[in-house]
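Please treat every number below as a calculation from the coordinates, not as lab data. Because the structure is predicted, anything quoted here is derived from the model rather than measured.
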Amino acid sequence: MKRKDVDECLEIIWHLGENHGDTSLDSFKKHTDKNYGEETLRKLESLGHITIFNNNILVTPKGKTHAKQVVRCHRLAERLLSDVLGMKPEEVEKGACEFEHILAPELVSSICTLLGHPKCCPHGTPIPEGDCCKSKQLSVGSAVMPLTEGKTGDMYTVAYINSQTNSRLQKLLNFQILPGVEVKVTQKYPSYVIQGKNIQLALDKDIIDDIHVWKNETAMMEIKDPRKVSKPTAASTASMVN
């Protein structure tokens, strides 16, 4: 059985458990568009990745480790293609499918560290944690960081919003805190104040933690007339909490 077939079958089973809570044989056959039938699953079983019991597919510890790495690689590849190469979320799937079969675990960890250990792919699906995430490894000099780690007054470009809370993500998007937008922190205490083109917001630290940025070596935008910048209000601050 080819490595790519093993990867894709385990990835399908992972998705079934994650999105449908159903890893039965019938569900597997229904959600795959390739010729991965019961014979393929029996081969996976012989490799020690799964067991089949009462029409259900049970993933072994070995299979779970393998599937987690494949899914993690795929979603980090999507993040890389989207954040670094500027591809749209709907365009990254094909490239990510190729990456997931060829990237070594060490390189996957380096990509994860470079991107600042993102929690979600561009589609909002959780990225399984790796050892580098648990140790917050910084050895490759991450080019992406939470905005809370930025220096007051320095200009940064938003790389992505790393939030698993849809309501918070939507609020940030409504305030035009989007990938590619340039912002700077003008205050860190008692609350964070960030400033961008025609906007100034007072936000709590946990919200700022969700905003991941690239460091700008040369600011592309200067805010020359502070009268054109809206001042933070109690209403805008309260609306961003939670």
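Take the residue pairs Lys4/Lys88; Lys134/Lys205; Lys30/Lys171; Lys134/Lys184 and return only those whose Cα atoms are more than 30 Å apart.
Pairs exceeding the cut-off: Lys30/Lys171.
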Practice task
Could you pull out every one of the aspartates and glutamates with an alpha carbon less than 12 Å from that of Lys43, ignoring same-chain neighbours closer than 8 positions?
Solution key: Asp5
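Using only alpha-carbon positions, what ratio does the radius of gyration of region 3-59 give when scaled by 2.2 N^0.38 Å? Before the final figure, lay out the partial values.
Working: Rg = 10.0 Å, N = 57, 2.2 N^0.38 = 10.2 Å.
Expressed relative to 2.2 N^0.38 Å, the Cα Rg reads 0.98.
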